[in-house]
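Take a look at the structure below.
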Amino acid sequence: MFQVHGAATDRSVLFRKKLTRPQFARFMAEQPPCRVAMEACASAHHWAREMSRHGHEVRLIAPHYVKPFLKRQKNDAAEAIVEAALRPTMRFVEPKSADQQARAVAFRTREQLVKQRTEAVNALRSHLYEFGHVAPEGIGYVPRLAKVVDDPDTGIPELVRDICRMLLAQIAHLTDRINALKARIAALSNEAELPRQLQTMPGVGPITALAVETFAPPMEQFRRGRDFAAWLGLVPRQHSTGGKQRLGKTSKMGQRDIRRLLVIGATAVIRWATRRGAPKGSWLARMLERKPIPVVAVAMANKMARGIWAMLTRDEDYRGPVLIGA
C-alpha cells in the first residue's frame, strides 16, 4: 500500500489517498508533472525511474531525515515526507539507474557468499578443535584441514569425518561461485571508464571501484573531498563545546561498504609499506612512526576518499605525492 499526500506550494492539503501498487502507478500517470518526494529504500529507485518517465521531478529522502517531521503515527509519514522535502537545506538521495542496482546485486551476492564460506570454514575448524586439532584460520589453510580429516591416525570418528567432508565440499562449491562472480565484477570494472580510473589509485581494486560507482552519488554533490569522507563516515565524531575542539572515534555514520573496502585497501598499502619501507619523509612514513597501524589505516582511508573525489571531479588518473627535498 502507498500513502499519498498532495500539497500545494502554500502547503495546503490537496488530497490524501491510500493506494495499491497498480492504483498508485495509474494515479501518478494521470497527474500533471510535479515534484514527487519519497523515502529512499530499495524499491524507491524503481519508482523514481517510473515517475521520471511521466515527467515528474523525483526527490528521495533518507528515512532518518523524515522522522523528525513525523507527528504521531505511521499514517502521518506521507505528510512528514512532504514537510521534509520543502525544507530548503534538505539533503536528497540521488536515484539509481537499473544498471547501478544490477551491480549492487552482484556486489551484495558476493558479500553473502563470502560470509557463508567463512561460516563453513569456522564450523570445520570448531569440529576439528573438539578432537584436539588446533586448526589455523583463513581460507588458505583449508587444504591442510582436508589432510587432517583424511588422516586415519588422527583419531577422529567416522561420523565427524563425513560431516567435515560435507563442509569441505560446501567450501569448494562456494569458492568456485565466489571466483566466478569476482571475475564477472572485474570484467565490469575494466569495461567502464570510472572504475578503470579509480583502480589507478594504490589500494583500490575492481571490487572497491565497482562499489564506489554503484553506491556513491555523483561527486558534484560534495563541495570538497572532506565532505565525501564525512559522507562515508571516515571522520571523527565531534564532542566540541565552548569553542574547544574535542574529537572522538570514527563516526561510521555513512556508507559502510565503501568505507570498509577503503580501510581494507589502506591496510594492504600499509602492509606493503612496512615490508618494503615507506618513502622517507612521506606522510605514510611519518604516520607509522607516531601512530599504531589501525589508526593509520583509517587516516589513510580518509585520504583515499578525498583522492577519489579529486580524481572524479577533475576527471584524471591518480597522481602520487611528490616528495620535495630540503
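Bear in mind that the values in this text are calculations on the coordinates, not laboratory data. Everything quoted here is computed from the prediction, not taken from an experiment. Positions of Cβ are generated from backbone atoms using ideal geometry, with glycine treated the same way; all protein chains shown enter the neighbour counts.
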Query raised in the report: How far is the Cα center of the range 254-326 from the Cα center of the range 167-193, in Å?
Result: 27 Å
Report task. Name the most mobile residue of Ala146, Ala102, Ala120, meaning the one with the largest mean-square fluctuation, in a Gaussian network model of the chain with Cα contacts below 10 Å. Result -> Ala146
Query raised in the report: Quick one: Debye curve from the C-alpha atoms of the range 1-140, no solvent, what's log10 I(q)/I(0) at q = 0.09, 0.10, 0.16, 0.21 Å⁻¹?
Result: -0.44, -0.50, -0.87, -1.32
Query raised in the report: Can you list residues whose amide H is under 5 Å from Arg35's amide H, if they're 5+ apart or on another chain and H is modeled 1.01 Å from N?
Result: Glu57
Report summary line: Expected sort for His239, His133 with the fewest Cβ neighbours (10 Å cutoff) up front is His239, His133
Query raised in the report: Which of Gln199, Gln73, Gln112 moves most in a GNM of the chain, Cα contacts under 10 Å?
Result: Gln73
Query raised in the report: the range 44-64 to the range 93-138: how many Å between their Cα centroids?
Result: 32 Å
Query - Hz values of 3J(HN,Hα) by residue in the range 78-89 - Karplus curve (6.51, -1.76, 1.60), Gly and Pro given as x - result: 4, 5, 5, 5, 4, 4, 5, 5, 7, 6, x, 9
Requested in this report: Using the Cα centre as the reference, give the magnitude of the dipole from point charges on the C-beta atoms of the range 98-191 (Lys, Arg: +1; Asp, Glu: -1; all else neutral), rounded to the nearest 20 debye.
Outcome: 400 debye
**Report entry** Calculated SAXS-style log₁₀ I(q)/I(0) at q = 0.09, 0.13, 0.15 Å⁻¹ - the chain, Debye, Cα scatterers
**Finding:** -0.70, -1.12, -1.25
Query - Rounded to whole Hz, the Karplus (6.51, -1.76, 1.60) HN-Hα couplings of the range 103-111, x for glycine and proline - result: 5, 5, 5, 4, 5, 5, 5, 4, 4
Query - Cross-link table Lys67/Lys115; Lys244/Lys291; Lys249/Lys303; Lys71/Lys252; Lys252/Lys280; Lys182/Lys280, entries beyond 27 Å C-alpha to C-alpha - result: Lys67/Lys115; Lys71/Lys252; Lys252/Lys280; Lys182/Lys280
Query raised in the report: By counting other Cβ atoms within 10 Å of each Cβ, how are Ile207, Ile308, Ile293 ranked from fewest to most?
Result: Ile293, Ile207, Ile308
Requested in this report: Quick one: which residues, 5 or more positions from Met253 or on another chain, have an amide H under 5 Å from its amide H? H modelled 1.01 Å from N in the peptide plane, none for Pro or chain starts.
Outcome: Gly233
Query raised in the report: Quick one: what does P(r) look like for the range 2-85 with 5 Å bins over all Cα pairs, in whole %?
Result: 3, 14, 25, 30, 20, 7, 1
**Report entry** Karplus-derived 3J(HN,Hα), 6.51/-1.76/1.60, for each residue of the range 255-271, Hz, glycine and proline x
**Finding:** 6, 6, 5, 5, 4, 5, 5, 5, 5, 5, x, 5, 5, 5, 5, 5, 4
Report task. Output the peptides 153-166, 179-192 sorted from most to least packed, where packing is the average of other Cβ atoms within 10 Å over each peptide's residues. Result -> 179-192, 153-166
Query raised in the report: Given 0.36 nm per residue, what is the gain on full extension from Ala25 to Thr274 after removing their alpha carbon distance, in nm?
Result: 83.8 nm
